[in-house]
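The next block holds one structure in the form of structure tokens; read it before the comments.
What follows draws every value from the coordinates through simple rules; no lab data is involved. Since this is a predicted model, take the numbers as computed values, not measurements. Cβ atoms come from the backbone with ideal geometry, glycine included; neighbour counts cover every protein chain shown.
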Amino acid sequence: MRLLLLFSVCLSLLCAACSGDEVNMKARTETLPAFSLTLPDGWVTNLPEGMECTADRCIAGFAKAASGSRSAITVSVVPNLGKELAEIAAESTANMASHEAVMNVVSQTDTRVEYKGTIKESPARLVATIDRENQQVGILLLVGGEDELDAIVSTLRMKNARLNFTPAAAR
């Protein structure tokens, strides 16, 4: 159930981020307690209303604010609630289908799973990583054109190194 909530928040961030309501659209490095990444000009940041971003729990959306753009990134760090990544992945697949998403597992290990597909008819990738010892899951959701997203993802640095999304996450 928590993953459905997480995915719903991620999807709403995507929609909200695409509205371009935020003011800061200059190239910059966003440094949050759980991660940092460098955004090019024209990208906005959205944190869910009331969400306090910490090293242990953080959900943030980033989107290209250009009119008609569907490019967005959501980075999340959340507790795994004692679940294994395979269980989380199975729940995620089922939950995504109810949100106009069609995602298929591309690769899966005990500590990393990657999906490819579409969300609202836009190309999408989702990568999840797990740190069992610290009971955390990292989730990277990418929607839109690959080249620009790959450049941003290459700058992503997770505070918890076990949650890092490997270079394969950007392909």
Task: Distant-in-sequence amide H partners of Gln135 (H built 1.01 Å from N, under 5 Å) - done: none
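Say R0 is 25 Å: what FRET efficiency, to the nearest 0.05, do Ala86 and Lys120 get from their beta-carbon distance? Present the calculation step by step, with values, prior to reporting the outcome.
Working: r = 27 Å, r/R0 = 1.07.
Taking R0 as 25 Å, the efficiency between Ala86 and Lys120 is 0.40.
Scan the range 48-123 for trypsin sites (Lys or Arg not before Pro) in coil per DSSP, keeping those whose Cβ has at most 15 other Cβ atoms within 10 Å, and list them by number.
Details: sites: Arg57, Lys64, Arg70, Lys83, Arg112, Lys116, Lys120; in loops: Arg57, Arg70, Lys83, Lys120.
Those that pass, being in a loop and sparsely packed, are Arg57, Lys120.
Would you order Leu126, Leu81, Leu47 from fewest to most other beta-carbon atoms within 10 Å of each residue's own beta-carbon? Mind dumping the intermediate values first?
Numbers: Leu126 27, Leu81 12, Leu47 15.
Fewest-to-most Cβ neighbours within 10 Å comes out as Leu81, Leu47, Leu126.
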TODO: Provide the per-residue ³J(HN,Hα) series for the range 46-52, in order, calculated from phi with Karplus coefficients 6.51, -1.76, 1.60 and θ = phi - 60°, each as a whole number of Hz, with x at glycine and proline positions.
DONE: 10, 10, x, 3, x, 7, 8
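Among Cys58, Cys53, which comes first, second and so on when ranked by fewest other beta-carbon atoms within 10 Å? Don't skip to the end; give the middle numbers.
Values: Cys58 21, Cys53 16.
Lowest to highest Cβ neighbour count: Cys53, Cys58.
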TODO: Please give, to one decimal in nm, the separation of the simple spin-label points placed at Ala151 and Glu49, each 7 Å out from Cα toward the Cβ.
DONE: 3.4
Open item on the list: Please list 3J(HN,Hα) in residue order for the range 61-75, calculated via the Karplus relation 6.51 cos²θ - 1.76 cosθ + 1.60 where θ = phi - 60°; whole Hz, with x for glycine and proline.
Closed with: x, 9, 8, 6, 8, 4, 4, x, 6, 10, 8, 7, 10, 10, 10
TODO: Please arrange Asp131, Asp110, Asp56, Asp147 by counting, for each residue, the other beta carbons lying within 10 Å of its beta carbon, fewest first.
DONE: Asp147, Asp110, Asp56, Asp131
